[in-house]
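Input: a single structure, listed below in structure tokens.
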Amino acid sequence: ELGPYRHYMQKEIFEQPVALANTLNQALAAGFAPTLFGEDAAAIFTTATAIRIIACGSSYHAGLVARYWIEAYTGMPVSVDIASEYRYSQGLEQRGTLIIAISQSGETADLLAAIRNAKERGEVKILALCNVAHSTLTREADLSLLTQAGLEIGVASTKAFTTQLAALYVLAGSLANARQTLSEAQLLELANWLPRLPAMISAVLSQESEMENWAQALTHFEHALYLGRNTLFPIALEGALKLKEIAYIHAEGYAAGELKHGPLALVDEDMPIIVCAANDSLFEKLMSNLREVEARGGQIYLIAEPGCEAALPYVKSALILPISTGPLAPIVFSIPLQLLAYHTAHRKGTDVDKPRNLAKSVTVE
Ligand code: M6R
């Protein structure tokens, strides 16, 4: 069943081009049509007053990425909450708030409690993004979209995470379409990235050997710092989570602009720093962060889009992606970080598919 792969996680990483193509299949045919999410979606999307995203773990990180997309494309206020925090917090929900609940399994106890709680706080609608048809979550939601990742066995989420991101990008486009916040030409430009995504992911997967090299170095460290800006900030959090979860190395993700507010004090030659750089308007800001780190002896491992070569003098090692990633950067940059965590864990000999102390689905509080 594993074919040429050693672990389910590795197999699932390589299944991503197909999982993404399957998830996007319907969306590609329908464009950014709200009906993808249910019959009442057009009306709910048009009248929604605010958006609150609720999730746990990797699904929460997907929600953090979605905030950037939805705010940029619709101008709506978006908040993102960890389910275990939301369920015990207080406050009313503004009438017409659209709650987006993200869960691979649809059975995470804290998330189910959170959406039930949200319904008691006001007149809200629940939209579920889930990888399991007929899960408790989809049954309790008003609207839903299923990701088509297929069964994910590895405890560390890979293909379920990137398909959530793809579905959230479609959701952001569909909200913009329903609310007419973007022109036809702008919507078309966003949609045109989607059919290219599976091939983009395959191209990055073919750089696996570079991540095996980095993993060799990473096994010798006890800590690692991941940095990114904009949609790559949540991907830094996700990369750090993967490394903690399966390689048992303490890792933290930070918004690169936060360095001076504390974590810069940690930087020395024993602190590998993994940086995700998009070739966008924030690249210059990121460059100054790299200079700060380099000046303090930090070992920078850079993952960058083509066009970011000006950063090369400051880094110990660089992976230049073979393609430009545009607004899909967070999906594409997830791949090398998954491979890095996987190969580091494999080198350390951990139980990659079943890391200690963790369960695939957290159905108790
Ligand atoms: O099934 P869910 O998406 O609700 O699960 C949420 C988290 O438990 C999950 O993403 C967890 O953080 C993963 N093991 C991370 O790889």
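When you count the other C-beta atoms within 10 angstrom of each residue and take the mean per peptide, 23-29, 106-112 line up highest first as 106-112, 23-29. For the chain, carbon and sulfur atoms together expose 49% of the accessible surface, with a 1.4 angstrom probe and every protein chain in place. Each of GLY297, ILE323, CYS308 was placed along the dipole of region 245-328 (beta-carbon charges, centred on the mean Cα), and the one lying farthest toward the positive end is CYS308.
Which value, in debye to the nearest 20, gives the size of the charge dipole of region 133-193 about its Cα centre, when Lys and Arg are +1 and Asp and Glu are -1 at the Cβ?
Numbers: 3 positive and 5 negative charges, 18 e Å.
Approximately 80 debye in magnitude.
Rolling a 1.4 angstrom probe over the protein heavy atoms with all chains in place gives region 1-112 an accessible area of 42 Å² per residue.
Computed about the Cα centre, the dipole magnitude for region 1-131 is approximately 160 debye when only Lys and Arg (+1) and Asp and Glu (-1) carry charge, each at its Cβ. Applying the Kirkwood pairwise sum to the alpha-carbon positions of region 151-262 produces a hydrodynamic radius of 16.7 angstrom. Comparing THR97, THR344, THR46, which has the greatest mean-square fluctuation in the GNM of the chain with Cα pairs linked when under 10 Å apart? Result: THR46 has the largest fluctuation of those listed.
Direction-averaged projected area, Cα convex hull, region 169-220: 5.3 nm², rounded to one decimal.
Which peptide among 240-250, 308-318 comes first, and what is the full order, when sorted by highest mean count of other Cβ atoms within 10 Å? All intermediate terms of the calculation are to be shown ahead of the outcome.
Values: 240-250: 22.5, 308-318: 16.0.
Per-residue mean Cβ counts within 10 Å order the peptides as 240-250, 308-318.
The calculated FRET efficiency for the pair THR219 and SER317, based on their C-beta separation and a Förster distance of 22 Å, comes to about 0.90. Only protein heavy atoms count here; on that basis, with a 1.4 Å probe, PHE283 has an accessible area of about 20 Å².
Summing +1 for each Lys or Arg and -1 for each Asp or Glu among the other residues whose beta-carbon sits under 12 angstrom from that of ASP40 gives -1.
Here LYS159 is the anchor, and the lysines within straight C-alpha reach of less than 17 Å, apart from those fewer than 8 places off in the same chain, are LYS11, LYS242, LYS354, LYS360. Using the Karplus relation 6.51 cos²θ - 1.76 cosθ + 1.60 with θ = phi - 60°, the per-residue 3J(HN,Hα) values for region 218-231 come to 5, 4, 7, 9, 9, 9, 8, 10, 10, 10, x, 10, 6, 5 Hz, with x marking Gly and Pro.
Residues in region 204-270 average 41 Å² of solvent-accessible surface per residue, probe 1.4 Å, ligands and nucleic acids excluded.
Rounded to the nearest 500, the 222 nm mean residue ellipticity of the chain from helices alone is -14500 deg cm²/dmol, with -39,500 (n - 2.57) taken per DSSP H run of at least 4 residues.
For a protection proxy built on the mean count of beta-carbon atoms within 10 angstrom, sort 6-13, 137-144, 261-268, 333-340 highest first, please.
On the way: 6-13: 21.4, 137-144: 19.4, 261-268: 13.1, 333-340: 26.1.
Top of the packing list down: 333-340, 6-13, 137-144, 261-268.
Kirkwood hydrodynamic radius of the chain from all distinct Cα pairs, in Å? Write out the running numbers ahead of the final one.
On the way: mean 1/r = 0.0484 Å⁻¹.
It is 20.7 Å.
Sequentially through region 18-23, phi angles give Karplus couplings (6.51, -1.76, 1.60; θ = phi - 60°) of 6, 4, 6, 4, 5, 5 Hz, Gly and Pro residues having no value and appearing as x. Charges were assigned to the Cβ only: +1 to each Lys and Arg, -1 to each Asp and Glu. The resulting dipole of the chain about its Cα centre is roughly 280 debye.
Rounded to the nearest whole Hz, the Karplus-based 3J(HN,Hα) values (6.51 cos²θ - 1.76 cosθ + 1.60, θ = phi - 60°) of region 138-143 follow the sequence 5, 5, 8, 8, 7, 10, with x at glycine and proline.
Per residue, the solvent-accessible area of region 279-365 (1.4 Å probe, heavy atoms of protein chains only, all protein chains present) comes to 43 Å².
ILE273 contributes about 0 Å² of solvent-accessible surface, heavy atoms of the protein only, 1.4 Å probe.
The values are calculated or read from the model by the stated rules, or taken from the named source; none is laboratory data. Keep in mind it's a predicted model, so treat the numbers as computed, not measured. Glycine gets a Cβ as well: all are built from the backbone with ideal geometry, and neighbour counts include every protein chain shown. All accessible areas refer to the heavy atoms of the entire protein, side chains included, with ligands and DNA or RNA removed. Shrake-Rupley method; radii C 1.70, N 1.55, O 1.52, S 1.80 Å.
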